[in-house]
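The structure under discussion appears below in the form of structure tokens.
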Amino acid sequence: EPVLTESLRELEATGADTREVERALFNLAALYRSAGDLPKAESFALRADGLIEKRSEVPGPERQGPRLILASIYLEQRRYPEAERILNDALKAADGPMAVTAYNGLSTAAIARGDFALAEALAGQALHLASLALPVGHPAIAAAWNNLAQACRFQAKYLEAEKDYRLAIGVWEDALGPSHPYVAQGLRSEERRVGKECRSRW
């Protein structure tokens, strides 16, 4: 944080190229998003997006970085309409990896709104694109499997949900290590699925 903050201050003070300032703002937004400081992350992402908007020569995919961070912030804050608007716009210009991120975000929003059939379709689309654009074992693939599992679980498709949870957990374990919180999240979801299925049988 201190290094990035000082870098941004110096870039702005010396009138550096706008692209360098954008990159510094984006990096700070990503840092604060990862640290869970959502208001600061939103502020820096909005500043980066504002600078990009002033430059018509910036290609579509390059514009999406700050916007996808904004969407992830809004999802975390349960500001679903704002997140979905950004994510749907991103799909018009996003490349493979960014499209995977957008579909994952839209699937998450659909789950939160209770539209589980739509969430299942969106997660399936994310997985399809991930198979074309991402290396095997990429964490975004695990996120898509997890969303697919959640959507299936809420539709009482328990066998499908179990398979998808296990796939998500396997990717997270390989990519992030067995003690990462995402692995625990997947295991907790699988435990809830098993408990609900057992109750339904009794």
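Scanning the stretch 118-137 turns up no residue that is modelled with pLDDT of 95 or more, in contact with an Asp or Glu (Cβ under 7 Å, 6 or more places away or on another chain), closer than 24 Å to ILE169 by Cα and not polar (S, T, N, Q).
For residues that are touching a Leu at 6+ places or on another chain (Cβ under 8 Å) and among the polar types (S, T, N, Q), scanning just the stretch 1-32, find the one that is surrounded by the most Cβ atoms within 10 Å (Cβ to Cβ). Filtering the stretch 1-32 for residues that are touching a Leu at 6+ places or on another chain (Cβ under 8 Å) and among the polar types (S, T, N, Q), the one surrounded by the most Cβ atoms within 10 Å (Cβ to Cβ) comes out as ASN27. What residue, among those in the stretch 48-78 that are among the basic types (Lys, Arg) and farther than 19 Å from TYR103 by Cβ, is least open to solvent (accessible area, probe 1.4 Å)? It comes out as ARG55.
Only a single criterion out of (1) modelled with pLDDT of 95 or more; (2) surrounded by fewer than 24 Cβ atoms within 10 Å (Cβ to Cβ) is not satisfied by ALA149, namely (2). Of all residues in the stretch 1-18, those that are part of a helix (DSSP H, G or I) and either in contact (Cβ under 8 Å) with a residue 12 or more places away in the chain or among the aliphatic types (A, V, I, L, M) (or both) total 8.
Quick check: is even one residue across the stretch 53-62 within 23 Å of ILE141 (Cα to Cα) and more than 15 Å from the chain's Cα centre (by Cα)? Yes; the residues of the stretch 53-62 include at least one that is within 23 Å of ILE141 (Cα to Cα) and more than 15 Å from the chain's Cα centre (by Cα).
The values are calculated or read from the model by the stated rules, or taken from the named source; none is laboratory data. Since we're looking at a predicted model, the values are computed, not measured. Virtual Cβ from ideal backbone geometry, glycine too; neighbours counted across all protein chains shown. Note: areas computed on protein heavy atoms with side chains; ligands, DNA, RNA excluded. Shrake-Rupley method; radii C 1.70, N 1.55, O 1.52, S 1.80 Å.
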